[in-house]
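Novice: The structure is given below, and queries will be raised subsequently.
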Amino acid sequence: MKYPAVLRKFNKALGAISGVLLLAIAVMSVVESLMRTVFINPTKWTLDISAYFLLIAIFIGSGYAYQEKGHVGVELFKDMIEKRFGDAPRRVMSIGGYVLSMIVIFATMLAVYRLLIPALEINQTTFANITIPISLLYIVMIVGSVIMAVTVFFIILDLCKKGNEWN
């Protein structure tokens, strides 16, 4: 099965949203610096909002990072193996790396789910100046992990079908 075009577009849109959130963090950092140094009146909200935005940006943008090969890889080692033994060992190494990624993604989802349930039961909020229900952040983490898992699943399928985009 070829990597779905709709997933490619969806991840690209989420990547753009992630980029906007990172830009907002940069603007808030400048605002905080100016307020702190020029006006001697630091804000109480920029650090909290920046932390929330960063968590959201990481989790919703990670599927796009996988899709665009923006994650860390050991290309030098895989290139050496390919030169010596051909394409098959490189493909196996790529699939193995993505399977390991999938294991970490599912472990993250499980760990966050275990945090989410009690947070919902007691209506837990963040420990910050700007408090929000912490369950919102956990839900973003789970949704982002699902998007990553779906993306990695289709990458693995493509590699198994001899696709070369992620090899």
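Since every read-out is calculated from the coordinates, none of them should be taken as a lab result. Small disclaimer: the values here were computed from a predicted structure and weren't measured. In this analysis, Cβ positions are derived from the backbone assuming ideal geometry, glycine residues included, and neighbour counts consider all displayed protein chains.
Novice: With axes computed from alpha carbons, what is the tilt in degrees of helix 75-85 against the longest principal axis of the chain, rounded to the nearest 10 within 0 to 90?
Specialist: 10
Novice: At a 10 angstrom cut-off on C-beta neighbours, averaged per residue, how do the peptides 47-56, 139-148 rank from highest to lowest?
Specialist: 139-148, 47-56
Novice: Taking the Cα centre of each part, how many Å lie between segment 102-119 and segment 1-73?
Specialist: One Cα centre to the other: 22 Å.
Novice: From the gyration tensor of the Cα coordinates in segment 5-160, what semi-axes in whole Å does the equivalent ellipsoid have, largest first, with each one equal to sqrt(5λ)?
Specialist: Largest first, segment 5-160 gives 36, 21, 13 Å.
Novice: Quick check: the angle from helix 87-122's long axis to the longest principal axis of the chain, C-alpha only, nearest 10 degrees?
Specialist: Taking the Cα atoms of the chain, the angle to 87-122 is about 30 degrees.
Novice: Amide H to amide H under 5 Å from THR125: which residues, 5+ apart in sequence or cross-chain, H placed 1.01 Å off N in plane?
Specialist: ILE134
Novice: Using only DSSP helix segments of four residues or longer, with each worth -39500 (n - 2.57), what per-residue ellipticity at 222 nm results for the chain after dividing by its residue count and rounding to 500?
Specialist: Calculated mean residue ellipticity at 222 nm is -27500 deg cm²/dmol.
Novice: What lysines does LYS2 reach when the alpha-carbon gap must be under 25 Å and sequence neighbours fewer than 8 apart in one chain are set aside?
Specialist: List returned: LYS12, LYS69, LYS78, LYS161, LYS162.
Novice: Which is farthest toward the positive dipole end of segment 5-160 among ILE103, ILE58, PHE39, measuring Cα position about the Cα centre, with Cβ charges +1 (Lys, Arg) and -1 (Asp, Glu)?
Specialist: Of the listed residues, the answer is ILE103.
Novice: Using only the alpha-carbon atoms, how far is helix 46-67 inclined from the longest principal axis of the chain? Give it as 0 to 90 degrees, nearest 10.
Specialist: 10
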